[in-house]
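Reading through the structure tokens given below for one structure.
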Amino acid sequence: MKRLRCLSTAFLLTLAVVILTASSWAQTPSPVAEKIAKTYGVDSWSQVEAIRYTWSGEIPGVFKLSRTWTWEPKTGQVTYEGKDKDGKPVKVTYNSNQLGSQPDNVKTEIEPGFINDQYWTIFPFHAYWDTSATVTDKGMKKLPIGAGSARLVSVKYPAEAGGFTPGDTWDLYVGKDNRVEQFVYHRGGTQKPSVVTATWTGYKKAGPVLISTEHRGNADGKPFHLAITNVAVKLTGSDKWIDAK
């Protein structure tokens, strides 16, 4: 998780995240991020041989997109099923650890989409893994959507790293059970959307991994919906897929 990633504007709703290669920018993992990640099953992530899911997002009048992924985190193998930039069905299998040998469409279209969708699916893990980010516990704050309050944990990626949109911030609103209830994403660059505010609901477990499958809110003031569906994992020592329930 230490390669520099730059996400393509072609995906319309790409929440770009910079992963640093320079060890001088690495920080000690955040205790609050660790606590949240543990709630989502980070201690059992080493048991996951493969995970599959479909990422579907929509901003009415702006874009509607669906992508299906199968990822083997230990080997880096990724299988993508969806459409190319021209709307034609495509299925591609590649190794994300060996991008230099991959076709241009994998480098510039598919891999950026994979990183984007993976962050949506397991961001609580990245908040802990990505020690380049600064994690700040800002205490109890009013929820951005609806009534109530939650602890605001802000995850800010450094502008110094460069990349497509340096300085992105993910503001997580975390409940007493250490589950994210809502979030606000602030893009560090000038690409759109600049701000995405959404709920984190529809919680399901696939084996030991907890995932929020429903996100509703707004993107730059426009209605926004994103769903993570058909989630399943395959654990070490088994060929059986375990569906999220």
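The values are calculated or read from the model by the stated rules, or taken from the named source; none is laboratory data. Just so you know, these numbers come straight off a predicted model, no measurement behind them. For neighbour counting, all protein chains shown are included, and Cβ atoms are generated from backbone atoms with ideal geometry for every residue, glycine included. Areas reflect the complete protein model, heavy atoms only, side chains present, ligands, DNA and RNA absent. Shrake-Rupley method; radii C 1.70, N 1.55, O 1.52, S 1.80 Å.
Quick notes
- The sole residue among Lys74, Lys88, Lys83 that is within 16 Å of Pro208 (Cβ to Cβ), open to solvent by 60 Å² or more (accessible area, probe 1.4 Å) and free of Cβ contacts under 8 Å to residues at least 60 places away in the same chain is Lys74.
- Test: Val106 is β-branched (Val, Ile, Thr), buried (at least 20 other Cβ atoms within 10 Å of the Cβ) and touching a Lys or Arg at 6+ places or on another chain (Cβ under 8 Å): no
- Per the listing Lys156, Lys192, Lys176, the residue uniquely in contact with a strand residue (DSSP E or B) (Cβ under 9 Å, 6 or more places away or on another chain), over 22 Å from Val32 (Cβ atoms) and surrounded by fewer than 20 Cβ atoms within 10 Å (Cβ to Cβ) is Lys192.
- Contact map, region 203-214: first residue open to solvent by less than 50 Å² (accessible area, probe 1.4 Å), second residue in a loop (DSSP other than H, G, I, E, B), Cβ cut-off under 6 Å, separation 6 or more or different chains; pairs are Ala206/Ala244; Pro208/Gly41; Val209/Gly41; Leu210/Tyr40; Leu210/Gly41; Ser212/Trp200.
- Just one of the listed residues (Val92, Val106, Val78, Val62) is at pLDDT 95 or above, of a type in the set (A, V, I, L, M) and over 17 Å from the mean Cα position of the chain (by Cα), and it is Val92.
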